[in-house]
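The values are calculated or read from the model by the stated rules, or taken from the named source; none is laboratory data. Please read these numbers as outputs of a predicted model, since none were measured by experiment. Here Cβ is always computed from backbone atoms with ideal geometry, including for glycine, and neighbour counts include all displayed protein chains. Protein only, heavy atoms only, side chains kept; ligands, DNA and RNA dropped before computing areas. Shrake-Rupley method; radii C 1.70, N 1.55, O 1.52, S 1.80 Å.
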Amino acid sequence: MMNILGGVPPRNQIEKLSHYLTQGTDLKTTESKAKDTPSSVVTLSDKALKASASGASAKDIRIPDGFGSTSHRIPPQPSSALEEMVYGRGGQTIDFTTLPPRWPADNKVLDYQTWLSYEKEIDKQTNDRIEIYERAIEAGLSKEEIIEQIKSYNNKLHPRYFHNSSVAERPGDIERELYKTPPKGSFTPDIMVQRQADYETMVYSMTSLVKEMEN
């Protein structure tokens, strides 16, 4: 299972990405930074986590293998922690340590058009999770039952996809009225333009980082 560590930042934050992936950043600190870039996520592989636990050099292990781009759905404002999880965008697992980069699930070489088709599938997955959430509220299900339904849905996805189904604990969090459709979120404008920028940022930042760590 992958652990979420932080966000793939916009182009003007590439240096920050390189810094906290190549330095021995504390997990809580990295998670805090992730809140500044909620549109996308990176993860560390099991191999990297085991290396970290054994005391291996951070420079050797902090290569992310999971990437997500800007979400096309924005949760209602204000939103509950549960809604932020449901609306939260998943991502793709990509191996940038190979030349050329590949999707490890099927060993296909990374290319923009295929990546984009997978991103559109992630959009559909987000829509599905929102629909699961809305139907569950209408049916009067508890927060715990909704989380289990989301996890069950995620478990059926292709291995190239991931989604973080954990929900933050917030004292006095929003509780939506049961048996009633919860408020709708909104859509991100110009999402396809942003997709192109997300891809270019991911490839540029990761290619630069891998080259730097190989030297």
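Return only the number of the condition from (1) surrounded by 12 or more Cβ atoms within 10 Å (Cβ to Cβ); (2) among the polar types (S, T, N, Q); (3) modelled with pLDDT of 95 or more that Thr207 does not satisfy.
Status for Thr207: all satisfied but (3).
Return the only residue of Lys108, Lys151, Lys124, Lys120 being over 25 Å from Ala197 (Cβ atoms) and either charged (D, E, K, R) or in contact with a Cys (Cβ under 7 Å, 6 or more places away or on another chain) (or both).
Lys151
Considering the range 103-120 alone, what residues qualify as being of a type outside the set (Val, Ile, Thr) and without any contact (Cβ under 8 Å) to a residue 60 or more places away in the chain?
Trp103, Pro104, Ala105, Asp106, Asn107, Lys108, Asp111, Gln113, Ser117, Tyr118, Lys120
Pairs, please: C-beta under 9 Å, at least 6 apart or cross-chain, first residue at positive phi and in the range 136-162, second surrounded by fewer than 11 Cβ atoms within 10 Å (Cβ to Cβ)?
Close Cβ pairs (under 9 Å, with a partner that is surrounded by fewer than 11 Cβ atoms within 10 Å (Cβ to Cβ)) amount to Gly140/Tyr179.
Taking Val193 as meeting all but one of (1) modelled with pLDDT under 95; (2) surrounded by 15 or more Cβ atoms within 10 Å (Cβ to Cβ), write down the number of the exception.
Every listed condition holds for Val193 apart from (2).
Starting from residues that are in contact with a helix residue (DSSP H, G or I) (Cβ under 9 Å, 6 or more places away or on another chain) and of a type in the set (S, T, N, Q), keep the ones in the range 78-135 and report whichever is modelled with the lowest pLDDT.
Thr97
Counting only residues that are open to solvent by 50 Å² or more (accessible area, probe 1.4 Å), of a type outside the set (Val, Ile, Thr) and within 18 Å of Met206 (Cα to Cα), how many does the range 108-123 have?
Residues flagged as open to solvent by 50 Å² or more (accessible area, probe 1.4 Å), of a type outside the set (Val, Ile, Thr) and within 18 Å of Met206 (Cα to Cα) within the range 108-123 amount to 2.
Do we find that Ala81 is more than 25 Å from Met192 (Cα to Cα) and under 18 Å from the mean Cα position of the chain (by Cα) in this structure?
yes
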